[in-house]
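Here the structure is laid out as structure tokens; the discussion comes afterwards.
Each reported figure results from applying straightforward, stated rules to the coordinates on display, with no laboratory input. Remember, predicted model here, so these are calculated numbers, not experimental data. For neighbour counting, all protein chains shown are included, and Cβ atoms are generated from backbone atoms with ideal geometry for every residue, glycine included.
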Amino acid sequence: MSRCARHSAWLLPLLLLAGSVGATQRGIHYGEIEDPGLVACDQQLWQGRIQRARECYRQLLGKAPATALRAELAWALGEIKAANSWFRQAVQEDPESASLRTRWGWLFAVTHQAAEAQALFNEALTLDPDYVYAKLGLASVMAGGFSGAASEALEPLLTDANIPTGAAIRASLLKAWLALEEGHLDDAATLLDRADGMLRSSTWPRLELLALRAAHAALGDEPVQPWVDEALALNGSFGDAWAVPAYFMVITRRYEQAGRWYEAALAVQPDLWSARLELGTNLLRLDRPVEARRQIEAAYTGDPYNAKTVNSLRLLDTLDGFEIRTLTMGDKGLKLRLHSEEAAVLTPYVADLTRRSVALFSERYRYTPSQPVVVEMYPDHEDFAVRTVGLPGVGILGATFGYVVAMDSPAARSPDDFHWGTTLWHEIAHIFTLRATDHRVTRWFSEGISVFEEWRTGPVPGRQIPLVALNAMAEGKLLPLAELDASFIRPSYPQQVLVSYMQAGLTCDFIEQEFGFAPLVEILAQYKAGAGTRTAVETALGIKLEQFDERFSAFIDSEFGETFAALTEFEQTRGDATRAAREQRWADVVEPAQRAVTLLPAYVDADSPYLMLARAQRELEQPAEEQATLQAFFDAGGRLPAALDRLAALLQEQDNVAAAADILDESNWVAPLDWERHSRLGGLWMQLGDSDAAVREYRAALALNPHDRADAHLNLARSLQSAGRADEARLEVLSALELAPNFREAQKLLMSLIES
């Protein structure tokens, strides 16, 4: 599962094609509408003469036009519900019209209802398989959903000389948008030149083209002002002249720049509600929630149809239930935003891991944070998803916005498949790749460094590569390095993003093994200087990118060749063990499970053969063998809490208290919200004489509201006394006695504290 967010902004390419002069306005339709009276009104709008356009629309509406035209006019006047009703009636009157269904589809598209829009575009194509504007609508929906099929859908339209000029312009603009998202600036420039040539000999304005020219310039670190000025000279209220390049700054993680440009967009077009929402969302990324709320509330007032706006406002209400804790860390400090029910438990662990990772990465990457690091953790995954992309249902674990890390808390996911400590380590690494390059690092390298650091320095060292990625690698699905970035934006097959994460991490691993660690730092320096991937890699490594791809391919074959050859047998033997375990034929589990472990010793997911083997050995009353299996599972990186609990218990039975404590301590990076485990670990630390560690664990147990709070206070008091903190210990004993006045053990400890 991917750990970092892809920014979901499906509305933006839709608005580009529907016309983005306001969140629900019709905009530039490039010949899709032919009524001369309506087009004349539209021309006024495109030139920024808003009042004249509205008067023109009203005059046309007063002439009681046909139903289809009524729908367009109501839409143009911002009467969305009326427009929807008129479109419905128009389709009933002319059910065979592909054009009507397509226009109706655009109304759904710009009011944030992509599924309904897609259905109408498909209906239009059923009526007329060659209707090019419906094809464009469908391609735009696919583009907005980050589907790799969008480019394929556009290719025939770009090469068909018989389609209308307006449709060809639209296809070129959307394809250029996709190329810019994927970082293919040369391809985008060619497409924009093509669209420009057609626009100059037409009556349609060059507004959207110029906005994309500005975005192209921004991505190439060139001045955007000339393109913006040209667009505003054509239409002084065209906010997308700034908002479109701002969007591309967001997806390349340059949030401060994006914020300035969204503000500029609103200065020229205050009712550009999409830009106001994005500004508010961006302010959240910059840890400015009060200002964010103001912008998002204004966006809702102007465009109540946007689910992202509604979700964001609900999230801001949810944040009222969070605590903010400001802690020391270096010169700049650390700020934690944790839910009030988890803050007391999680604070010491989150702070410890953050401090350790920041100190390590500062040394490794020669960059020291110049602002406080902010870590937010959400016990409800959907709140985190909204925090990140504005919409629920997103399968991500964490996201980093400059100095702000947001992620799921341990309560948001099952501990069987979520190691929150590793996720936090991964996200903190992003702070360094982003900030050390002034946010110019490519996605593949930033993700690659984070995965690489998980494996090399994280809480669970060692490569952890999911089975789906191993299978994809075995099938030859790894990409040339020049194409890797695009796969994060528009994957061409399910799970490709996950595979690309693994490829990025392995690429950094390969560089470190073959060329040393220093070139990784040099690649960051190259990105900061504005280099692209080819220049950055070739300069840092001294070889051509094509040679790098060849050597990396050989590295993969060398490192994983035997693993690839074993995958089929692994699946078979694991399946045999699973079936035997399901039927409780424990003796029949042992041999296939042992064979599966031998074939893929690094596979430690929740369905790992290690765990089936250990269960069989337990049922067969083979404690020594079970302990050895669980220890091997742990050594390979397995961190399933139940398995760690069992291993610690076996170690305790042998009086190996130190090893048991170390094993249970690892559970804190997976499942820190279990009071019994904290209490048990506190007792082990007390046996080992580590009073400070015992205090931490007993505090965590108490914060989790255990069944016997008096006993929990007493345990904490004992650990505080052992740590030489008598005053704090007395307070805890008094709390225990307040709950249970006749608690003899507490009374004895209180007397001891008074006498000391």
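General remarks:
- Residue order, fewest to most beta carbons within 10 Å, for S312, S553, S722: S553, S722, S312
- The angle separating the long axis of helix 240-251 from the principal Cα axis of greatest extent in the chain is about 30 degrees.
- Karplus-derived 3J(HN,Hα) values for the stretch 542-548, using 6.51 cos²θ - 1.76 cosθ + 1.60 with θ = phi - 60°, are x, 9, 5, 4, 5, 5, 4 Hz; glycine and proline are entered as x.
- Ranking of V310, V268, V224 by count of other Cβ atoms within 10 Å, fewest first: V310, V268, V224
- Prolate/oblate/rounded label for the stretch 210-305 (Cα gyration tensor, a/c 1.5): oblate
- Restricting attention to the chain, close to 50% of DSSP beta bridges with both partner residues there are antiparallel.
- 222 nm mean residue ellipticity, helices alone, for the chain (DSSP H n ≥ 4; -39,500 (n - 2.57); rounded to 500): -22000 deg cm²/dmol
- The chain: angle of helix 50-62 to the longest principal axis, Cα-based, in degrees nearest 10: 70
- Rounded to the nearest 0.05, the FRET efficiency derived from the C-beta distance between L467 and M198 at R0 = 45 Å is 0.35.
- Inter-site label distance for A565 and K332 at 7 Å from Cα along Cβ, in nm: 4.9
- By average C-beta atoms within 10 angstrom, highest first, the peptides 540-547, 606-613, 693-700, 41-48: 693-700, 606-613, 41-48, 540-547
- Backbone amide hydrogens, once placed in the peptide plane, bring H339 within less than 5 Å of E323, M377, excluding anything fewer than 5 places away on its chain.
- Applying the Karplus relation 6.51 cos²θ - 1.76 cosθ + 1.60 with θ = phi - 60° to the stretch 598-615 yields 3J(HN,Hα) values of 5, 5, 9, x, 8, 7, 10, 5, 4, 9, 5, x, 3, 6, 5, 5, 4, 4 Hz, where x marks Gly and Pro.
- Under a model in which nothing but the beta-carbon of Lys, Arg (+1) and Asp, Glu (-1) is charged, the chain shows a dipole of about 2140 debye around its Cα centre.
- Which of L620, F361, G220, positive extreme of dipole for the chain (C-beta unit charges): G220
- Rg of the Cα atoms in the stretch 562-656, relative to 2.2 N^0.38 Å, amounts to 1.04.
- Sorting F517, F452 from the fewest to the most surrounding beta carbons within 10 angstrom yields F517, F452.
- The H on the amide N of T442, modeled in the peptide plane, is under 5 Å from the matching H of no residue at least 5 residues off or on a different chain.
- Beta bridges assigned by DSSP with both partners in the stretch 332-413 are antiparallel in approximately 30 percent of cases.
- Using θ = phi - 60° and Karplus 6.51 cos²θ - 1.76 cosθ + 1.60, couplings along the stretch 115-128 (whole Hz; Gly, Pro as x): 5, 5, 4, 4, 4, 5, 4, 5, 4, 4, 6, 5, 6, 9
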